[in-house]
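The values are calculated or read from the model by the stated rules, or taken from the named source; none is laboratory data. Note that the coordinates shown come from a computational prediction; the quantities given were computed from them, not determined experimentally. In this analysis, Cβ positions are derived from the backbone assuming ideal geometry, glycine residues included, and neighbour counts consider all displayed protein chains.
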Protein chains: 2
Amino acid sequence: MQTIRFSDHDILKMETRLRAAFINSLSGFKSGSLIGSIDSKGNTNLAIFSSVIHIGSNPALVGFINRPDTAVRHTLENIMETNCFTINHIHQAIYKKAHQTSARYPKDISEFEAAGLTTEFSTLLPAPYVKESRIKYGLEFAERHDLKINGTVLIIGKVVEIIFPENCLLPHGALDIEQAETIAISGLDSYHSTNQLSRLTYAKPEKVPDKII
Amino acid sequence: MQTIRFSDHDILKMETRLRAAFINSLSGFKSGSLIGSIDSKGNTNLAIFSSVIHIGSNPALVGFINRPDTAVRHTLENIMETNCFTINHIHQAIYKKAHQTSARYPKDISEFEAAGLTTEFSTLLPAPYVKESRIKYGLEFAERHDLKINGTVLIIGKVVEIIFPENCLLPHGALDIEQAETIAISGLDSYHSTNQLSRLTYAKPEKVPDKII
């Protein structure tokens, strides 16, 4: 199999759209989530993100990267206004609707309605959940970092509520996100289901990892 | 199907290991990467990360979250010392070796040797690649953000070199990371292969997304 080597000069020479597709596939498989938010007037917003990442377990923190100059700027504005948001896993039956939320709708149009998804509200926070999503959680805004290098923003939230199907909770504490049919994303537009290869034991210097299952 | 709702009080009451497994599964599927680094004396280091994320395409930027107080602190120290690192996709044939790099080895032991993986060097940067990895790229340190809320660190690198199999480059610019057998991770210890559901067209307000393939 032939190996290709690109330098930064080769990357710079790529046509803009090809480069966007190329660089977006470098980071590997990505989470697929819908972020729900609300402004102070009660307008709801929903946007798809592939940049949600685990920040810490104690306290429970999850973050995401927001590009402020695009269709997702309403998400950032709403979180700054009302101090909360929801993250909703995308599963196989709703990934096309989830993708549609990336279209550039004006602020007075809710992507929930435009994409055919349903708002669901909790008493713990004003931001809307996605009713059709199976695993979802609510967060209070915790910390913001503005990245100087390209104007994107890292938003970190503290998890205050988690909603999930009973049959997805595994004995060792993890949620079985494959059982929930949560999808993975690669690049800008490719959606994937998964098959578990195995779980591996906690690694120690003196021994080789075993399969747990 | 019964739905369960956990509040932040329920999360706090969980036993520490159960909570770590639970919260780590919230963010959805994660990338699986080996980060290669080197100190100023030439000692190489290799560590598995599931927090690598896309930051931007132009300039080409990729980031990851580093926990400074664990087995991965050598990665952070090395990047601060020599200003560069490599990110190497984990594929199905090497995921058990990759997992083994998470064991806590002393600084004078290279995880390459301990895990049975091979260093590979480029003329463009001193940090080591993983020879067995199929898709891999080299980065110059670009920006650091220390997260006040839990002491983790966001490291962002500028991509300066990309190495990949010729048969993985798709006509629209993306790399076919499924073809390269790149794995996805869920939670702390679960490894997954993927099956593409479809690629979807660029979303516009007035139309429903179509399948490209």
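The residue that is surrounded by the most Cβ atoms within 10 Å (Cβ to Cβ), among those in region A:1-31 that are within 28 Å of residue A:194 (Cα to Cα) and among the aromatic types (Phe, Trp, Tyr), is A:29. Here is the figure for region A:178-213: residues that are touching a Phe, Trp or Tyr at 6+ places or on another chain (Cβ under 7 Å) and assigned to a loop (DSSP other than H, G, I, E, B) total 2.
For residues that are in contact with a strand residue (DSSP E or B) (Cβ under 8 Å, 6 or more places away or on another chain) and small (Gly, Ala, Ser), scanning just region B:147-178, find the one that is nearest to residue B:213 (Cα to Cα). Please lay out each step first, then the result.
Step one: list which residues in region B:147-178 are in contact with a strand residue (DSSP E or B) (Cβ under 8 Å, 6 or more places away or on another chain), which gives B:147-150, B:152-166, B:168-169, B:174-178.
Next cut, small (Gly, Ala, Ser) only: B:157, B:174.
Details: B:157: 32, B:174: 14 Å.
Restricting to residues being in contact with a strand residue (DSSP E or B) (Cβ under 8 Å, 6 or more places away or on another chain) and small (Gly, Ala, Ser), the top hit is B:174.
The residue that is surrounded by the most Cβ atoms within 10 Å (Cβ to Cβ), counting only those in region B:159-194 that are touching a Gly at 6+ places or on another chain (Cβ under 6 Å) and over 30 Å from residue A:148 (Cα atoms), is B:182. Kindly indicate whether any position in region B:34-43 is over 26 Å from residue B:113 (Cα atoms) and crowded, with 24+ Cβ neighbours inside 10 Å. No, because not a single residue in region B:34-43 is over 26 Å from residue B:113 (Cα atoms) and crowded, with 24+ Cβ neighbours inside 10 Å. Of the residues making up region A:134-158, those that are crowded, with 17+ Cβ neighbours inside 10 Å, more than 7 Å from chain B (Cβ to nearest Cβ), assigned to a strand (DSSP E or B) and hydrophobic (A, V, I, L, M, F, W, C) are A:139, A:153, A:155. Residue-level analysis places residue A:106 outside the set of residues that are under 19 Å from residue B:3 (Cβ atoms) and at the interface with chain B (Cβ under 10 Å from one of its Cβ atoms). Can you find a residue that is surrounded by fewer than 21 Cβ atoms within 10 Å (Cβ to Cβ), in contact with a Phe, Trp or Tyr (Cβ under 7 Å, 6 or more places away or on another chain) and not hydrophobic (A, V, I, L, M, F, W, C) anywhere in region A:98-106? Within region A:98-106, none of the residues are surrounded by fewer than 21 Cβ atoms within 10 Å (Cβ to Cβ), in contact with a Phe, Trp or Tyr (Cβ under 7 Å, 6 or more places away or on another chain) and not hydrophobic (A, V, I, L, M, F, W, C).
Restricting to region B:33-65, what's the tally of residues that are of a type outside the set (A, V, I, L, M, F, W, C) and at the interface with chain A (Cβ under 9 Å from one of its Cβ atoms)?
9
Take region A:191-211 and flag every residue that is free of Cβ contacts under 8 Å to residues at least 60 places away in the same chain and facing chain B (nearest Cβ under 7 Å). Correct list: A:194, A:195, A:196, A:197, A:198, A:199, A:200, A:203, A:204, A:205, A:208, A:209.
Would you be able to say whether some residue in region B:1-23 is assigned to a loop (DSSP other than H, G, I, E, B), within 9 Å of another protein chain (Cβ to nearest Cβ) and closer than 25 Å to residue B:184 by Cα? No: region B:1-23 contains no residue that is assigned to a loop (DSSP other than H, G, I, E, B), within 9 Å of another protein chain (Cβ to nearest Cβ) and closer than 25 Å to residue B:184 by Cα. Only a single criterion out of (1) over 16 Å from the mean Cα position of the chain (by Cα); (2) closer than 27 Å to residue B:203 by Cα is not satisfied by residue A:133, namely (1).
Against the test of being within 29 Å of residue A:180 (Cα to Cα) and modelled with pLDDT of 95 or more, the options A:71, A:114, A:98, A:103 yield a single qualifying residue, A:98.
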